[in-house]
Structure formats: structure tokens, C-alpha cells
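Worksheet for the structure shown next.
The values are calculated or read from the model by the stated rules, or taken from the named source; none is laboratory data. This is a predicted model, so every value here is computed, not measured. Neighbour counts are summed over all protein chains in view; Cβ atoms, including those assigned to glycine, are modelled from backbone coordinates with ideal geometry. The area values use the complete protein model at the heavy-atom level, side chains included, leaving out ligands, DNA and RNA. Shrake-Rupley method; radii C 1.70, N 1.55, O 1.52, S 1.80 Å.
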2 protein chains.
Amino acid sequence: GARHLSGEAVVHDLPVTLEEVMYGCTKQMKITRSRLNSDGRSLRTEEKVLNVVVQKGWKAGTRITFPREGDETPNSPPADITFILRDQDHPQYKRDGSNIIFTAQITLKEALCGCTLNVPTLDNRMMPLPCSNIIKPGEVRRLRGEGLPLPKSQSQRGDLVVEFQVLFPDRIPPQSREIIKHSLGQC
Amino acid sequence: GARHLSGEAVVHDLPVTLEEVMYGCTKQMKITRSRLNSDGRSLRTEEKVLNVVVQKGWKAGTRITFPREGDETPNSPPADITFILRDQDHPQYKRDGSNIIFTAQITLKEALCGCTLNVPTLDNRMMPLPCSNIIKPGEVRRLRGEGLPLPKSQSQRGDLVVEFQVLFPDRIPPQSREIIKHSLGQC
């Protein structure tokens, strides 16, 4: 016979941190659903914990579906439950696919006269990044392979993209200003 | 009696320059349409010029409809023709609603040591913009009332927003670099 139309699929957000995407994780998600009692007419509400496995490198928008774990009614078999991956904001990085972007704020002096930055990685190391040439505002440097695992090839990783923001001083004393003007004369 | 369903409205792009939006304009748009011959069955193709009036300050997406100027068929009265305003790229400005954005490229020396910019306006004047303080990359200054007319109050105008891009030199000679480093010491 024809299968009953099941109810509306229930959709939940599944927020994940960059660290969870980096290493993969299993998230225990407690759901509430209605189930049919044995009389076939009255409903009860029950809670259940679903183990949602997030693979390394999965992107926002990835859907994980648990068939028939949703609401049941006298007229329809249990609906599916779908979780949709969503990236949580990270205090240090922005995600760009399998790359992560780190904004490095450096002073004008560092931008013009050189410096060695310490760039934090997702696995809690500090990568020294020597900058001897002039760094222009918005310039980027890539630390290859320090990003997130590629979802389709988890042994490979994207890049950590360092994007420079050059902080200008609010003011420069008039004498220094004259000296700088002269020094930048031919540049 | 019931009115015949008219055919599909014909939609055309109406590209306009910022200057045309600034002053308003009438654009002569040549269209091609099919019309019914007097036998009521055969069709002929004819050209017609429509005068499309664009009012000052109109925004992209504004629709101008000419009723019954479109295609006619034996089964339907002439369709409407609709023009939809679209902003053309401008060599100097980007449009942002009733504001226009001008990107001013200045050298690092100008940013740090002051300068007077000449900002071109939409009506072909040069507005001097004195910059005595340090200008930071991405900083904006507004020339109020030098933008586009407001569509709902054409005697008022938006702003000309000057957005600064600071061009760094590719290299600075080592001696100058040392001097600059010292001069920026306390900044």
C-alpha cells in the first residue's frame, strides 16, 4: 500500500567551533519529540540524545539527517530530523572554506621597518613570520597547510592566511614629521 | 466582457550614467515589436522609439512601464513594456544610494605629512580638501551635498564620500628606514 506521508522534517542548527571542524567531533544533541502512545491516538513528549558525528573539515551548510527521529502523529509516521552545520564565530580567525584568515595588526613602524610576527595556529602553536620587506595595508601572507582539513581529503589542509592591518599613529610630533617627510622624499 | 489576458510584459534594461541620474534625462529607446495586421491574424514587425523619462536621483531597480507598447498576437492585446534602471559603471565613482564614493589614492608621505587633495565633483569642479592630520588607510571624509539628488526630494543631495587608499612605497633605502624607525619611535 501507499506509504503515509511523514510529517515535516525537523531542522536544527548545529553550531561548531573551528577547533571542532579541525579535529572532527561527536556532538550530543538533546531533542524533544512527540511519539504516539500504544492506543494509536494520544501523544507523549519524550527526550532523546542523538550523537551527531561531524567529520574533519565539513563546511557550513552540511546536512546530517536522522531518519524517523522527529515528531510522530496519529496520521503520519515519525518525521526525519536534520542538523545543518553552522560555523560559530571564532575570537581569532575568520573561516573561508578550508582556509582560515588571521588579521595581524602591526604598527606603521613595523610595516615600514620590518618585524617578526608570531602567528597563532589553530593547534595552539606560535609560528614566527619574519617580515623584512615593507608590508602594505591589506597585504596577505599564507602559511600553507595551517588551515582546516579538506573535507574530501582530510590529510590535506588549507592555509592560514595572514592579512595585515597597518595601524597608523594618531599623531606624530612636528619635528619627526619633518624628518619623515624628508626621508620619504624619493620614495 | 472579460478582458483578454495580455502577453508577457517585455522587460528591458535601462543603463544610465551617474551624470544622467544627477541631472535627469530623457532616453530615446528604440524597440521592436510585433503588431497584428488588419486581417486580425497575420503579424508584422515594427520599430518604435519610446521616450523614457528618468527623474533626478532615481535608483537602480526603478521600473518605468509603457502600457500596451509590447508584442501583440491574434490571441492577446499588446503586452506592456517595462524598463528597469541599471547603473552603469563610472570611471571615477561608485554609487551608494544617493551618495557617490571616490577613492583617493595618496602616498604614504601625503598621509603622514599632510596634503591638499583636489577632489573631482560630478559637475566637473575640483573641490580642494585640505588634510593636515594623519590620514589612516580606509579613512573617509564626506563632502556633504556633493552626491546625487534624493529621489523623493530632488533639491537635496547626498554626499561625495572620499575614501582614502594609502599607497606605500615598494622599498625605502636602508638609511632612510633607520631614520624613520627612530622618528616613529614614540608613536
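For the reader, a short list of remarks on this structure follows.
- Residue list for segment A:14-33, filter: surrounded by 15 or more Cβ atoms within 10 Å (Cβ to Cβ) and more than 27 Å from the chain's Cα centre (by Cα): A:33
- Residues (in contact (Cβ under 8 Å) with a residue 40 or more places away in the chain and in a strand (DSSP E or B)) located in segment A:21-36: A:29, A:31, A:33, A:35
- Members of segment B:61-75 found to be open to solvent by 60 Å² or more (accessible area, probe 1.4 Å) and without any contact (Cβ under 8 Å) to a residue 40 or more places away in the chain, listed by number: B:63, B:67, B:74
- Hey, residue A:39 surrounded by fewer than 16 Cβ atoms within 10 Å (Cβ to Cβ), more than 32 Å from the chain's Cα centre (by Cα) and not in a strand (DSSP E or B) or not: yes
- Candidates in segment A:83-125 are the residues that are in a loop (DSSP other than H, G, I, E, B) and of a type in the set (D, E, K, R); of these, the one that is most open to solvent (accessible area, probe 1.4 Å) is A:89.
- Taking segment A:133-187 as the region of interest, the strands (runs of 3 or more DSSP E) fully inside it that hold 1 or more residues being facing chain B (nearest Cβ under 9 Å) and surrounded by 17 or more Cβ atoms within 10 Å (Cβ to Cβ) are A:160-167.
- Residue match in segment A:50-73 (condition: more than 30 Å from residue A:95 (Cβ to Cβ), assigned to a loop (DSSP other than H, G, I, E, B), over 34 Å from the mean Cα position of the chain (by Cα) and hydroxyl-bearing (Ser, Thr, Tyr)): no
- Scanning segment B:42-52 for residues that are loosely packed, with under 11 Cβ neighbours inside 10 Å and either closer than 30 Å to residue B:153 by Cβ or of a type in the set (Phe, Trp, Tyr) (or both) yields a single hit, B:51.
- Qualifying residue in segment A:99-106 (condition: away from chain B (no Cβ under 14 Å) and among the small types (Gly, Ala, Ser)): yes
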